[in-house]
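Step one of this worksheet: look at the structure below.
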Amino acid sequence: MDAMTFLREHVSLFSGVDDENMIALSRSSELANYKAGQTILFKGTTVEGLHVVVNGEVGVYVKATNKAMVRVSELGSCEVFGEMSIVEMGTAGATIKAETDTLVLMIPQEAFRHVLQQDEAFAVRVNMLITSRRSAPTSVPA
């Protein structure tokens, strides 16, 4: 399955995005494999793009008051991370690690931001996702 079909058919965030933007997103995206336990994104680093879990599972980790890393959330297939850092032009707010062997599709920031500017409904969905993650008591996404 190609990136465009995967995003359109399996990732609800991209439902309704027009063909031109979907083609641009899929052409610029890159697949990466991560082994179980491998860090995908370190807290405090620049987020290169929106990450979409194709298959596998990732854990969202933050440092607890005793300085130990604690998993606060899990994301599975068809879920995304990194959107908050891109929209707010900040750094990763959490460390993301592969819990299982995981395949991730990464959409570069520039392509993601372009669609945010071009598609108002998409921007609304992204902002709703960010709002829902902020209000979740145990979730601290990247």
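The values are calculated or read from the model by the stated rules, or taken from the named source; none is laboratory data. All figures in this text were calculated on a predicted structure; none of them were measured in a lab. With ideal geometry, Cβ positions are generated from the backbone for all residues, glycine too; neighbour counts draw on all protein chains shown. What goes into the accessible areas is simple: the full protein's heavy atoms, side chains included, and nothing from ligands, DNA or RNA. Shrake-Rupley method; radii C 1.70, N 1.55, O 1.52, S 1.80 Å.
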Point to revise | Low-density loop cleavage sites - trypsin sites (Lys or Arg not before Pro) in the range 36-102, where at most 15 other Cβ are within 10 Å (DSSP) | key: 67
Review point. What do you get when you divide the Cα radius of gyration of the chain by 2.2 N^0.38 Å, with N the number of residues?
Key: 1.00
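Please state the charge dipole magnitude for the chain, taken about the Cα centre, from unit charges on C-beta atoms (+1 on K and R, -1 on D and E), reported in debye and rounded to the nearest 20.
Details: 12 positive and 17 negative charges, 166 e Å.
That gives a dipole near 800 debye.
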Study note, to complete from the structure: If unit charges are put on Cβ atoms (+1 for Lys and Arg, -1 for Asp and Glu) and the dipole of the range 1-94 is taken about its Cα centre, the option from 60, 75, 33 lying farthest towards the positive end turns out to be 60
Exercise for review: Quick one: plug the Kirkwood hydrodynamic radius of the range 31-104 (C-alpha pairs) into Stokes-Einstein at 4 °C, 1.567 mPa s, and report D in µm²/s.
Suggested key: 106
Review point. Taking the Cβ-Cβ separation of residue 113 and residue 12 as r and a Förster radius of 25 Å, what is the calculated FRET efficiency to the nearest 0.05?
Key: 0.80
Point to revise | Separation in nanometres of the label points that stand 7 Å from Cα toward Cβ, at residue 121 and residue 19 | key: 1.6
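Please report the net charge: other residues with Cβ closer than 14 Å to the Cβ of residue 115, K and R +1, D and E -1. Walk me through the numbers on the way to the answer.
Working: positive: 8, 27, 113, 125; negative: 18, 19, 20, 83, 110, 119, 120.
Local net charge: -3.
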Exercise for review: Could you do me a favour and compute the accessible area per residue for the chain, 1.4 Å probe, result in Å²?
Suggested key: 52
Check your understanding: What nm distance separates the two modelled labels at residue 32 and residue 77, each placed 7 Å from Cα along Cα→Cβ?
Key -> 2.2
